[in-house]
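One structure below.
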Amino acid sequence: MSPHWTGLIVGLFFGLSLVLSGLADPDKIIGTLRLKDLHALRTIAVFVLTGMAGTWILTLFGAAHFSIKPAFMVSVLIGGGIMGIGFGLTGYCPGTGLACAATGRLDALVTILGMLAGALVFIFLYPGLAAPLQKVWALGKVTLPEATGIPYAAWVLGLGGAGSFLLWATRKKGN
Amino acid sequence: MSGLKVRRAPLPWLAAGLLLGAVQVAAVAVHKPLGVSTQFVVAGTQVLEKAAPTYVDRHPLVSKKKYREPGYGWWLDIGLVLGALGAALAIRRFKVSKAPAWWEFNQGRGRGKRFLAAFGGGFLILLGARMAHGCTSGQFVSGWAQLSLSAVPFTLSLFAGAMITAFLVYPRTPAIEGRNES
């Protein structure tokens, strides 16, 4: 366990990066979801690919700390869709919502209040509803290399190639 | 019809993505991949701890130490807020506002409607994120960073839900001023 202050440092840089990147701006998120302003899409693609490649490189030195989520497929699919509705409606997600509230967006502050209400309702629904749902089609804490038998390095290279193609294909539509 | 004026992102996409990616790699090196939404449940647990401690004791999820005792992730979220505030002040982006430009263009200037949508949207965001065991940080970005199987269904349903909703709520797509062009 790392001491808590490392969390504070990582958080400081994460919040700073969300603002500097433009992801902490609902207009950029909505613009990308409407496929009219692809700055956020391209930024997120580089974010994901850099994280993926960097994590893979860390594993080569035995320095990566993983936290694989359990793949309960039905609950993930339903939860992702429900979260997507809120994400598309507001232009915020939990991280950018916190960041946007800190930059003076009052509607982001209201979104955070909604998130706290959602968290409480999740706690109340967990024993009877969420926990049973998380047992349906539950495949465990599995990675794609484990699930498919395709080596880790091949996944990183393949997804890196696919992401690079996405960046190339979207090169003219607002950066 | 006038165009839609949005703010230019401070950094171009490549620099922005590399900076965020560097934070993710640092997080993986230090402790674990980025994640934000769990702490909202931690906050809820702190409230219930005061209001109904025996309920928390008997609860299958929030009776766990991870939820009862704020730790690394809690401090990460506090750092996130402080870092965002500091960055916004440093580059003069701190500005009190009530709705995004896209909202006002499509749904009008009434603030009550936006605040209602913001509350309802936030509710769905957190409920959905915890059902999926992670949000755009923990399940999407960090899911792909670690090549979790769960990132695949999450990515599909998250963006399907978000794009359909955005299509319905923001149907009018005018010319945008303030895009980052390279």
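The values are calculated or read from the model by the stated rules, or taken from the named source; none is laboratory data. Quantities reported herein were computed from a predicted structural model and do not represent experimental measurements. Note: ideal-geometry Cβ built from the backbone for every residue, glycine included; neighbour counts use all protein chains shown.
Below are the figures for this structure:
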| item | result |
| --- | --- |
| Subset of region B:33-85 (residues that are of a type in the set (K, R) and more than 28 Å from A:S17 (Cβ to Cβ)) | B:K50, B:R58, B:K64, B:K65, B:R68 |
| Pair list, Cβ under 7 Å, 6 or more apart: region A:1-24 residue closer than 14 Å to B:L82 by Cα, other residue at pLDDT 95 or above and of a type in the set (S, T, N, Q) | A:L18/A:T96; A:V19/A:T103; A:A24/A:T96; A:A24/A:T103 |
| Residue within region A:99-108 that is more than 7 Å from chain B (Cβ to nearest Cβ), touching a Phe, Trp or Tyr at 6+ places or on another chain (Cβ under 8 Å) and among the β-branched types (V, I, T) present | no |
| Residues of region A:1-38 classified as surrounded by 23 or more Cβ atoms within 10 Å (Cβ to Cβ) and under 19 Å from A:G84 (Cα atoms), total | 13 |
| Among the residues listed as B:V30, B:V6, the single one being surrounded by fewer than 21 Cβ atoms within 10 Å (Cβ to Cβ), farther than 26 Å from A:A117 by Cβ and at the interface with chain A (Cβ under 7 Å from one of its Cβ atoms) | B:V30 |
| Given (1) at pLDDT below 95; (2) not assigned by TED's automatic domain parsing to the domain that holds B:P174, index of the condition B:G110 fails | (2) |
| Selection from region B:143-156 of residues that are in a helix (DSSP H, G or I), within 7 Å of chain A (Cβ to nearest Cβ) and either farther than 13 Å from A:M73 by Cα or under 16 Å from the mean Cα position of the chain (by Cα) (or both) | B:G143, B:W144, B:A145, B:F154 |
| Region B:164-176: number of residues that are facing chain A (nearest Cβ under 7 Å) and either closer than 19 Å to A:G22 by Cβ or not in a helix (DSSP H, G or I) (or both) | 4 |
| Filter result (buried (at least 24 other Cβ atoms within 10 Å of the Cβ) and without any contact (Cβ under 8 Å) to a residue 12 or more places away in the chain) within region A:64-81 | A:V76, A:G79, A:G80, A:G81 |
| Residues being closer than 25 Å to B:G3 by Cα and either among the polar types (S, T, N, Q) or touching a Gly at 6+ places or on another chain (Cβ under 6 Å) (or both) - total across region B:83-126 | 7 |
| Candidates B:R114, B:R109, B:R179 - the one that is part of a loop (DSSP other than H, G, I, E, B) and farther than 27 Å from B:G17 by Cβ | B:R109 |
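For (1) touching a strand residue (DSSP E or B) at 6+ places or on another chain (Cβ under 9 Å); (2) over 26 Å from A:R105 (Cα atoms); (3) not assigned by TED's automatic domain parsing to the domain that holds B:A90, each residue gets a yes or a no:
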site	(1), (2), (3)
B:K5	yes, no, yes
B:P10	no, no, yes
B:A22	no, yes, no
B:A26	no, yes, no
B:H31	no, yes, no
B:G35	no, no, no
B:Q39	no, no, no
B:A43	no, no, no
B:Q46	no, no, no
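Here's the yes/no breakdown for (1) under 19 Å from the mean Cα position of the chain (by Cα); (2) not in a loop (DSSP other than H, G, I, E, B):
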| residue | (1), (2) |
| --- | --- |
| B:Y67 | no, yes |
| B:W74 | yes, yes |
| B:D77 | yes, yes |
| B:L80 | yes, yes |
| B:L85 | yes, yes |
| B:A99 | yes, no |
| B:E104 | no, yes |
